[in-house]
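Visitor: The structure's right below; bear with me while I get my questions together.
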Amino acid sequence: MRFLCVLGVLCGLSSVSFALEREAFTIAKYDLQLTLEPEQQRLGDRGKITLRNDSAHAQKIVALQISSSLNWRSIRVDGKVVQFVSQTYVSDIDHTGALSEAIVTLPAEIKPKESVDLEIGYEGVIPRDTTRLTQVGVPEAIAKHTSWDQISPSFTAVRGAGYVAWYPITTESADFSEGNSLFEVADRWKARAAGTEFKARVTVSGESSEAPSTMICSSGNDNFIQQSSRAQQVSAECSWKRLGTVTPTFAMAEYVVESKAPLTVFSFPGHEAGAAKYSNALEPAMKFVAGWFGQPTAPVAIVDFADANSAPFESGTLLMASMAAEDSKLAGINLVHELVHSALPSSRPWVYEGLAHFAEAMYRQEQGGRQAALDFLGLHRAAFLDAEKEASAAPQKGVGQALATTFDETYYRSKAAYVWWMLRDMVGDEPLKQALGKYRADDDKDPKYVEQLIESAAKRDLGWFFDDWVYADRGLPDIRVQSVHPWKTENGVQIITVTLENLGGAGAEIPFTVTFEGGEITKRIEVHAKGTATTRVEMAGTPSEIRINDGSVPESDLTNNTFKITAP
Ligand SMILES: [Zn+2]
């Protein structure tokens, strides 16, 4: 895939005699001043960015990219105008399917690890645009529910890199129709920008008399939700000391605003009942989250959509989701997720998002029992099953992603949710709560920090588990019954000796249930990668069947989990 991208770069610049390294520079710092004119769907920016050369050699050329519906106006270094060439660069990382690229010649070469400050200016419009989806065959009517970013007089919502490049980025071309190309380029950008400091003040132009009165910007600050009344100019500031997995996003509409710390609900008039589902869910959700993850303190914003069919989106503690449906179950689950972020900040995606999804599953269990939680996790398994099949089949190719370092959502959300669930099943609620209670984002520097917290609370060696699931991607387990020997003691007690075999590359502690005349019994057993484990089970009647895995372990193959026991 990387080969194709490099080829794309060369093809795109056939008139230039050097190979442009588009990902050589990382933008280490943004300080932007944006002005919106909603009636014109217009955005203008004057700001400063700091470029850091992350490549191995000196660089004099940088390719800065913004959405193709925006245009570069000026680029300066030390107050002096620098030369640049503008061109359209085809890439599905933007909703328009293309970027406006400024190929900038810097006044001097920038050595590896060194930085340069640029003053930049660009402007243009951000209307709703479904191009990158419709050009790969998604019907317009469906595409617009996903591609909802826009500036408009009644509803403005614009997500950043990966959706709309409303601030400059530096990426290779991403292609939606090329397998995982888009996700690889977007994930790579996220990983490169994880440590970036981001600040953007978004202000409605003084000329705009019709603009809505509420603006929201996702932010990493404690006082994060910004909202302005008409008395002053409407504005908001989005800022983070480091971006992590966050996508800078702003929204503006004539919202009904209701606040009860730490939650603020922004809803459209007519969606009062849907908004109330969130307010009503707050108390039980707070109680549940506080019991596991500590007291939620950072502000949480739930923001409504004008179009009820819009696909939900979250970034940090901001969730955009339609409130038209009045679904109290969903409101509770959504709220739990955001409150976990509020209570437990972490710069590790698998901890930050993994715990939030894990909490959703636990909340389901509280409301509907363990099976409801496992059904919910089952939906997550589907998300990473294919990727893990590739990883298991060809581990030497490095197609897999270590959970500890990945910026791929399917891993740090879906796989991580399972990993936390398995850890809970293995060590029990109290030790895991104790470990989470001691977790501090600032102390999380050593990759083994989480493992050590849980091991010391649980007094159990979990090195093998973290090796297989967190520090490396060894695919998934595939556990089956290798053999069963039923026998009876002299005083008539029924016993079976069970040997389980793990055909996969990741070990697991897996539950298995033996059905016998008059009942069933469930046990748990550790089966390491490519290994076997044997145990004995005593029961009150003749055994007939063994079922492995209740759904809590994400195996690659679930078809070999039932075994009929025949009489000896
Ligand atoms: Zn989240």
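The values are calculated or read from the model by the stated rules, or taken from the named source; none is laboratory data. Here the structure is a predicted model, which means the values were calculated and not measured. Note: ideal-geometry Cβ built from the backbone for every residue, glycine included; neighbour counts use all protein chains shown. Quick note on the areas: whole protein, heavy atoms, side chains included, nothing else; ligands and nucleic acids left out. Shrake-Rupley method; radii C 1.70, N 1.55, O 1.52, S 1.80 Å.
Visitor: What is the one condition in (1) surrounded by fewer than 19 Cβ atoms within 10 Å (Cβ to Cβ); (2) in contact with a strand residue (DSSP E or B) (Cβ under 9 Å, 6 or more places away or on another chain); (3) over 18 Å from Val125 (Cβ atoms) that Ile49 does not satisfy?
Guide: That leaves (1) as the condition not met.
Visitor: State which residue is most open to solvent (accessible area, probe 1.4 Å) when the search covers only the range 82-115 and only residues that are farther than 21 Å from Asp31 by Cα and of a type in the set (S, T, N, Q).
Guide: Gln83
Visitor: I would also like to ask the following. In the range 386-470, which helices (runs of 4 or more DSSP H) lie fully inside it and hold 3 or more residues that are in contact (Cβ under 8 Å) with a residue 12 or more places away in the chain and of a type outside the set (A, V, I, L, M)?
Guide: The helices (runs of 4 or more DSSP H) meeting that bar are 416-427, 429-438, 463-466.
Visitor: Name every residue in the range 116-135 that is surrounded by 14 or more Cβ atoms within 10 Å (Cβ to Cβ) and either among the hydroxyl-bearing types (Ser, Thr, Tyr) or without any contact (Cβ under 8 Å) to a residue 60 or more places away in the chain (or both), in order of residue number.
Guide: Listed by number, the residues that qualify are Tyr122, Arg128, Thr130, Thr131, Arg132, Leu133, Thr134.
Visitor: Condition (residue is among the charged types (D, E, K, R), surrounded by 15 or more Cβ atoms within 10 Å (Cβ to Cβ) and assigned to a loop (DSSP other than H, G, I, E, B)) applied to the range 316-327: is it met by at least one residue?
Guide: yes
Visitor: While we're here: Can you tell me which residues in the range 338-347 are crowded, with 24+ Cβ neighbours inside 10 Å and either more than 14 Å from the ligand (Cβ to nearest atom) or within 13 Å of the chain's Cα centre (by Cα) (or both)?
Guide: Listed by number, the residues that qualify are Glu338, His341.
Visitor: Related question: Please count how many residues of the range 306-337 are away from the ligand (no atom under 14 Å from the Cβ) and over 16 Å from the mean Cα position of the chain (by Cα). Talk me through it step by step, then tell me what you get.
Guide: Kept after step one, since they are away from the ligand (no atom under 14 Å from the Cβ), are these residues of the range 306-337: 306-311, 322-332.
From what is left, the residues that are over 16 Å from the mean Cα position of the chain (by Cα) are 306-310, 322-332.
Residues that pass the stated criteria total 16.
Visitor: What strands (runs of 3 or more DSSP E) lie completely within the range 229-305 and have 1 or more residues being more than 22 Å from the chain's Cα centre (by Cα) and crowded, with 23+ Cβ neighbours inside 10 Å? Walk me through it before giving the result.
Guide: Details: elements: 235-240, 249-253, 256-260, 263-267, 300-303.
Of the strands (runs of 3 or more DSSP E) lying wholly inside the range 229-305, those with at least 1 residues that are more than 22 Å from the chain's Cα centre (by Cα) and crowded, with 23+ Cβ neighbours inside 10 Å span 235-240, 249-253, 263-267.
Visitor: Could we say that Asp557 is within 26 Å of Ala393 (Cα to Cα), at pLDDT below 95 and open to solvent by 40 Å² or more (accessible area, probe 1.4 Å) here?
Guide: yes
Visitor: Name every residue in the range 437-462 that is among the small types (Gly, Ala, Ser) and either closer than 18 Å to Gln401 by Cα or crowded, with 16+ Cβ neighbours inside 10 Å (or both), in order of residue number.
Guide: Ala457, Ala458
Visitor: Can you name the residue in the range 401-413 that is out of contact with any Ser or Thr (no Cβ under 8 Å at 6 or more places or on another chain) and within 12 Å of the ligand (Cβ to nearest atom) and is also nearest to Ala161 (Cα to Cα) among such residues?
Guide: Kept after step one, since they are out of contact with any Ser or Thr (no Cβ under 8 Å at 6 or more places or on another chain), are these residues of the range 401-413: 401-406, 408-411, 413.
Those left that are additionally within 12 Å of the ligand (Cβ to nearest atom): 409, 413.
Details: Glu409: 15, Arg413: 19 Å.
Restricting to residues being out of contact with any Ser or Thr (no Cβ under 8 Å at 6 or more places or on another chain) and within 12 Å of the ligand (Cβ to nearest atom), the top hit is Glu409.
Visitor: Please pick out the residue among Gly507, Gly463, Gly519, Gly475 that is of a type in the set (Gly, Ala, Ser) and farther than 30 Å from Tyr439 by Cα.
Guide: Gly519
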